Amino acid sequence: MDISRSVDPITTKTFPIMDISHSHSNNPCSSFMVYFFLLLFHLLLLASSCSGNGNVSDKCIETERKALVYFKEGLIDPLGRLSSWVGLDCCRWQGVECNNRTAHVTELDLHSYSLSGEIPSHLGNLSALEFLDLTMNRGLHAKSLLWLSSLYSLEYLNLGWVNLVDVGGHWLKAVNMLPSLSSLYLYDCRLTSLDLTLPSVNFTSLEVLNLFGNSIKSPLPHWFSNLTNLEVLNLATNIRFGGTIPGWLGNLCKLRVLSLNSNHFHGGIVEFLDRLSACHKNSLEYLDLGGNDLEGILPASLGALKNLQELDLNTNFFWGSIPASIGNLSSLSLLELSHNHLNGTIPERFGQLTELSIVDLQSNQMEGVLTEAHLANLTKLDSFRLTTYPNKSLIFNVKHDWVPPFRLRTLTLINCLVGPSFPVWLQVQSNLSYVIISNAGISDTVEEEWFARLFSKCWYVDLSNNNIKAKLPRQIYSEWLDIIDLSRNSFEGQIPLWLTNARQLYLQRNSFSGSIPQNIGELMPGLQTFFLSRNQISGSLPSSLCKMKGLKFLSAGHNRFSGELPNCWNELPSLKVLDISNNSLSGKIPSSLSSLCALVLLILNNNNLRGNIPCPLHLCRNVPRLYILQLRSNLLEGNIPEQLFRLSHIHDLDLSDNNFNGSIPKCFHNFTSLKYGNTSLDYEELFDLQDSTINEQTLLVGTKGRELEYSRTLLQVKNIDLSKNDLTGEMPDGIFRLAFLDTLNLSRNHLNGSIPNNIGDLRLLESLDLSQNNLSGTIPPSLASLSLLAHLNLSYNNLSGRIPTGNQLQTLNDSSNYEGNPLLCGVPLQTRCAGDNSPSTPSSHGADGSKDKLWLYLSIATGFAVGFWSVCGTLVLKESWRHAYFRYVDNLKEKMLLWISLKEARLRRKFGKGNN
């Protein structure tokens with residue numbers, strides 16, 4: 001019996017096989033049994049051989065299994081994603097892949113497992129690892145990445161969202177030990193530094209480098225130039241990357257994707273693009289340099305990037321024209337040049353970009369003419385945005401009946417001349433979901449059917465600042481509509497029944513009439529912003545407004561509303577702006593206004609509201625952040641409640657032109673915003689408020705002798721106006737401690753007392769009106785220190801003495817500012833003060849006036865002579881009298897000046913005001 005050898009194809013070990021070709025050839029059964037036992041023996045040997053070999057097994061390497069177990073023990077796994085990590089065979093665990101031949105762990109993919117905990121250095125024991133992905137686990141963190149240097153075979157590393165803030169700049173040294181690495185993703189890892197001193201890089205095989213969303217403060221390191229195999233470089237949204245974009249970056253000819261968005265790169269891009277376009281075969285498909293401080297012109301070499309599909313240069317400082325060479329980019333589908341300083345015309349070759357889908361040229365200074373040649377070939381155009389400055393001229397010069405080849409979903413045209421007619425190319429856009437056609441010069445009548453189609457599909461509609469004449473459909477239903485702005489047009493008829501979940505509705509400055517639907521709260525329960533001011537809407541304000549639980553801004557001023565205000569405001573806890581001014585509302589201020597804890601602007605001016613400001617109106621306690629309270633020109637009466645003066649963040653308090661009486665409360669020191677300039681609103685709230693009121697909300701402020709309308713500077717007003725009431729008593733001293741006040745009007749009351757000496761502390765005051773009161777005493781000299789004062793009125797009081805001079809008062813030389821104060825003297829009045837060098841103007845009242853003046857001066861001279869000689873001899877003889885004399889002279893001098901002023905004042909009253 002021969003014995004030959006069989007080779008196992010898996011282990012390459014040989015096993016003996018007996019030659020039985022001649023044994024028991026005459027017994028078939030025995031032959032079968034022999035073959036059966038031989039086969040069984042062979043299988044047993046094979047199984048024994050496999051189980052005894054440490055390199056080939058159904059189980060993973062023990063050291064690697066322990067490394068994974070140790071990793072698991074340090075993690076929090078709330079979803080139980082690692083529940084399969086039990087037993088000895090780690091190659092069968094979820095997220096783990098092994099080499100079929102060597103049993104080494106080659107892949108660990110745990111992305112999006114919602115894990116948290118620290119990554120241990122034991123992962124360095126997975127020496128054969130080629131693929132490691134731990135991304136999208138917000139709770140993971142690492143204190144060191146030095147264990148990476150043991151993973152020599154690693155080709156793919158993704159630690160996106162892993163917190164590496166404790167790693168510092170050492171991560172790069174570890175990565176530099178990975179010569180096989182081709183893809184590195186460390187986005188949003190809180191990295192802050194990048195080693196600029198690295199002498200050389202070993203990971204030159206790198207094809208993808210993604211450091212998006214960190215806080216790395218660094219210029220581009222020069223060793224980037226050694227990454228000649230790099231295809232994707234994403235450094236976007238680091239904010240702190242800076243410096244210039246070096247020309248050598250253009251030598252990376254294999255780049256397909258370059259994103260440096262949202263950093264602080266500055267300078268031009270001409271050299272970089274010139275080098276990149278000079279590559280024998282440049283591969284760039286995606287270029288994003290938006291959100292930086294780049295400047296200069298767009299070079300013609302841009303047109304040499306033949307493979308470019310997306311170009312994003314938004315929010316920089318590029319100027320000049322779009323180069324005509326852009327027409328060479330036949331693959332371009334996205335062109336994003338918004339928020340730059342581009343000017344000049346759009347080249348006609350723009351029309352050759354047949355693959356264009358998205359075009360954004362917003363917020364530039366483009367001018368010139370757009371013709372059909374610019375648009376006729378753009379068959380794939382889906383989104384088109386073009387805005388320019390109001391003073392620029394960009395004209396759409398296409399035939400009225402031209403029908404374009406595209407059907408847009410997004411259209412923005414602001415400050416572009418599209419009208420005066422409503423062109424067909426706009427009318428046929430039946431797929432719009434977002435449309436802004438604002439200040440486009442359209443002055444035409446538009447059919448109701450077009451609006452019905454528009455509102456049925458759109459979620460954003462803005463047709464503001466035109467002169468569109470139309471009646472809207474009586475009922476509008478849409479489940480998509482979110483924002484509607486039809487303001488500043490000529491829409492007429494009644495307000496439609498809006499059956500929609502829209503959040504913002506702007507109808508102001510039109511010719512809508514009729515009344516607000518009584519059930520508007522049920523029709524639009526999700527409304528947050530409702531502007532309908534400056535129309536011709538009448539009737540009462542429906543109480544169903546209070547069913548808009550999220551309502552933040554309600555502006556209904558300058559209409560014809562009548563009746564009483566509903567008393568349900570406590571149901572609107574989010575309301576920030578309430579303006580119902582300039583209507584014919586009557587009744588009392590409802591007590592439910594006291595529940596508006598988020599209120600910032602309350603404007604009820606120019607109505608017929610009556611009664612007291614109710615004590616339940618806890619504006620001080622529940623509305624500490626109220627900025628503007630205007631109740632002017634109503635029929636309110638009674639004392640001004642002290643509670644109002646607890647509004648620590650008030651900027652504008654206007655109670656003028658009412659019937660308030662009593663004294664002014666003294667607690668102005670509680671107005672801390674006007675005292676120290678602080679605010680209770682954070683930046684986001686201020687932006688939200690200004691953004692929501694900038695198109696409509698205006699204030700009438702009595703300042704500089706007239707009513708001024710504020711809109712864009714709404715939140716900069718710092719005003720106190722208590723004029724045109726029946727207030728008595730003295731002016732509170734605390735009001736003159738409000739250092740940030742710019743307008744103060746207490747005129748047309750019955751205030752008495754003097755002007756406090758600390759009026760000069762109002763260093764930012766621009767307008768001061770204290771006229772038509774009963775104020776007395778002298779004008780404080782500190783008034784002259786108000787360097788910003790542009791309007792002053794102290795007329796018709798009982799002020800006396802010399803008018804201060806100097807500084808800003810020299811420019812306020814209108815005598816009407818001081819008239820009606822007979823005891824005042826000095827410039828700019830004609831009345832001279834005693835001791836002035838220039839003589840008084842002769843009286844025009846003849847001999848009687850001359851005789852009285854002559855008697856005045858003779859009396860003064862005689863009195864002086866008698867007094868002088870009666871004591872002169874004694875003074876010569878007695879020293880103590882001499883000292884007393886000089887004190888007496890000083891006192892006498894003051895009394896004489898006062899006596900002269902009074903005497904002259906009597907003469908002026910006798911012979912006519914303003915004459916000497």
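Below is a table of values for the structure above.
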quantity	calculated
Filtered residue count, the range 299-321, keeping only those that are touching a residue at least 40 places away in the same chain (Cβ under 8 Å) and in contact with a helix residue (DSSP H, G or I) (Cβ under 9 Å, 6 or more places away or on another chain)	0
Residue within the range 790-808 that is farther than 19 Å from Lys666 by Cα and basic (Lys, Arg) present	yes
Residue count, the range 431-449 (criterion: free of Cβ contacts under 8 Å to residues at least 24 places away in the same chain and out of contact with any Pro (no Cβ under 9 Å at 6 or more places or on another chain))	1
Condition broken by Gly243, with the remaining ones in (1) surrounded by fewer than 17 Cβ atoms within 10 Å (Cβ to Cβ); (2) part of a loop (DSSP other than H, G, I, E, B) satisfied	(2)
Count - residues of the range 755-765 that are surrounded by fewer than 18 Cβ atoms within 10 Å (Cβ to Cβ) and either under 14 Å from Leu809 (Cβ atoms) or at pLDDT 95 or above (or both)	1
Those residues of the range 380-404 which are aromatic (Phe, Trp, Tyr) and not in a loop (DSSP other than H, G, I, E, B), in sequence order	Phe384, Phe396
Elements of type strands (runs of 3 or more DSSP E) in the range 288-353, at least 1 residues being polar (S, T, N, Q)	341-344
Residue that is modelled with the highest pLDDT [pool: residues in the range 368-379 that are in a loop (DSSP other than H, G, I, E, B) and of a type in the set (Val, Ile, Thr)]	Thr379
Residues that are in a loop (DSSP other than H, G, I, E, B), hydroxyl-bearing (Ser, Thr, Tyr) and modelled with pLDDT of 90 or more, drawn from the range 788-830	Ser795, Tyr796, Tyr818
Of the criteria (1) surrounded by 21 or more Cβ atoms within 10 Å (Cβ to Cβ); (2) under 21 Å from Lys217 (Cα atoms); (3) over 39 Å from the mean Cα position of the chain (by Cα); (4) of a type in the set (A, V, I, L, M, F, W, C), which one Ala174 fails	(1)
From the options Arg275, Arg240, Arg256, residue that is of a type in the set (Lys, Arg) and closer than 20 Å to Leu198 by Cβ	Arg240
Filter result for Ser487 (of a type in the set (S, T, N, Q), in a loop (DSSP other than H, G, I, E, B), in contact with a strand residue (DSSP E or B) (Cβ under 6 Å, 6 or more places away or on another chain) and in contact (Cβ under 8 Å) with a residue 24 or more places away in the chain)	yes
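One line per residue, one yes/no per condition, for (1) of a type in the set (Lys, Arg); (2) within 15 Å of Ile468 (Cβ to Cβ); (3) surrounded by 18 or more Cβ atoms within 10 Å (Cβ to Cβ):
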position: Thr354; (1), (2), (3): no, no, no
position: Ser363; (1), (2), (3): no, no, yes
position: Ile395; (1), (2), (3): no, no, no
position: Val418; (1), (2), (3): no, yes, yes
position: Phe422; (1), (2), (3): no, yes, yes
position: Ser443; (1), (2), (3): no, yes, no
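Residue by residue, here is whether (1) more than 29 Å from the chain's Cα centre (by Cα); (2) at pLDDT below 95 holds:
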{"position": "Leu551", "(1), (2)": "no, no"}
{"position": "Asn606", "(1), (2)": "yes, no"}
{"position": "Pro616", "(1), (2)": "yes, yes"}
{"position": "Leu619", "(1), (2)": "no, yes"}
{"position": "Asn622", "(1), (2)": "no, yes"}
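The values are calculated or read from the model by the stated rules, or taken from the named source; none is laboratory data. Treat the numbers as computed from the prediction; the structure is a model and nothing was measured. Here the Cβ is made from the backbone with ideal geometry for all residues, glycine too, and neighbour counts use every protein chain on show.
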